[in-house]
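A short write-up of the structure that comes next.
The values are calculated or read from the model by the stated rules, or taken from the named source; none is laboratory data. Computed from a predicted structure; not experimentally measured. So basically every Cβ, Gly included, is an ideal-geometry build from the backbone, and we count neighbours across all protein chains shown. For the accessible areas, the whole protein counts, side chains as well, though only heavy atoms, and no ligand, DNA or RNA atoms are used. Shrake-Rupley method; radii C 1.70, N 1.55, O 1.52, S 1.80 Å.
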Amino acid sequence: MLLPMIYLIVTSLKPIEEILAFPPRFYVIRPVLTNYLDLPRLLSNLWVPFSRYVTNSVFVTVVTTSLHVLIASMAAFTLSKYRNKFFTTIFIIIQMALLFNAYTLSIPQYVIMSKIGILNTYWVYILPNLASSLGVFLLKQYMDSSIPDTLLEAARIDGASCFKIFSKIAFPLVKPAVLTLVLFAFKDMWSLSATVNVFDEEIKLLPNVISQISQAGITRTGTTMAATVILLIPSVCVYLISQSSITQTMSSSGIKG
């Protein structure tokens with residue numbers, strides 16, 4: 001897991017002659033900060049101000065992650081703690097949806113977005129990621145094993161409403177799973193690049209900056225790596241905050257690493 005990150009950091013510190021060396025080395029002989037110092041100059045030449053990309057990525061990541069956690073936790077609570085003859089079928093469909101990746105869904109998503117008129121808007125990033133199957137599956141499995149039905153039944157006898165039981169009892173008890181889901185959702189959204197459904201440069205995201213820098217070819221490899229290292233920092237920080245919850249969540253949800 002650490003090797004790609006180490007190679008990324010090492011390459012960002014290499015001068016051009018070491019980047020062009022063959023075979024590639026997994027270490028740097030003469031580390032320099034040139035690649036990082038070149039970033040401000042390159043970013044000042046972008047078509048759209050760099051701050052715009054940052055704002056777009058922060059907005060899309062925060063909004064989508066927050067809404068996804070809320071929707072996934074409410075759906076998981078309903079599937080886990082309420083009985084309905086259709087819920088088993090619904091959960092099977094959710095599990096089957098885990099088999100489909102973004103490339104498989106790209107054409108159907110484009111057709112749907114075109115029909116509802118949200119192409120080239122922020123909704124292109126947000127809407128498809130609100131109801132991720134992984135989030136519902138993860139939280140539902142965790143709720144099955146960590147929230148006793150007797151606790152919820154006692155709350156109902158005391159007159160608590162469904163939403164109060166969810167917000168005051170169930171949601172706080174699944175904090176490790178929520179933190180794990182926040183990590184997964186944040187990582188996916190922060191690294192999300194502009195899709196074919198977005199044409200306006202002013203609403204594209206930070207990964208699009210890296211793609212523009214890397215278009216100069218191998219001579220910009222070091223600078224591209226430097227930009228990637230900076231882009232990676234928020235995801236690493238979120239991981240460090242939530243790492244203690246990941247093992248507990250996976251073991252309780254029936255997911256083995």
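Values computed for the structure shown
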item	result
Length released on extending from Phe59 to Met1, taking residue separation times 0.36 nm less the Cα-Cα span	18.0 nm
Of Glu201, Glu18, Glu153, the one that fluctuates the most in a GNM where the chain has Cα springs shorter than 10 Å	Glu153
Positive-pole candidate from Asn208, Ala160, Leu8, dipole of the chain, charges at beta carbon	Ala160
Leading residue at positive end of dipole, the stretch 11-145 (Cβ point charges), from Val48, Phe59, Val32	Phe59
Which labelled figure in [x] 21.9; [y] 23.8; [z] 20.9 is Kirkwood radius over Cα pairs in Å, once derived from the coordinates	[z]
Relative contact order of the chain, defined on C-alpha pairs under 8 angstrom at six or more residues apart (%)	31 percent
Ranked packing of 178-184, 138-144, 69-75, most packed first, by mean Cβ within 10 Å	138-144, 178-184, 69-75
Accessible area per residue, Å², the chain with all protein chains present, probe 1.4 Å	57 Å²
Lysine pairs in the chain with Cα atoms under 18 Å, if 8 or more residues apart or on separate chains	10
Computed label-point distance, nm, for sites Leu105 and Arg25 using a 7 Å Cα→Cβ extension	4.4 nm
Kyte-Doolittle mean at least 1.0, axial Cα span of 30 Å or more - DSSP H helices of the chain	50-81
Inter-part distance where the stretch 220-240 and the stretch 142-205 are each reduced to a Cα centre, Å	27 Å
Computed Rg/Rh of the stretch 73-214, alpha carbon atoms with Kirkwood Rh	1.07
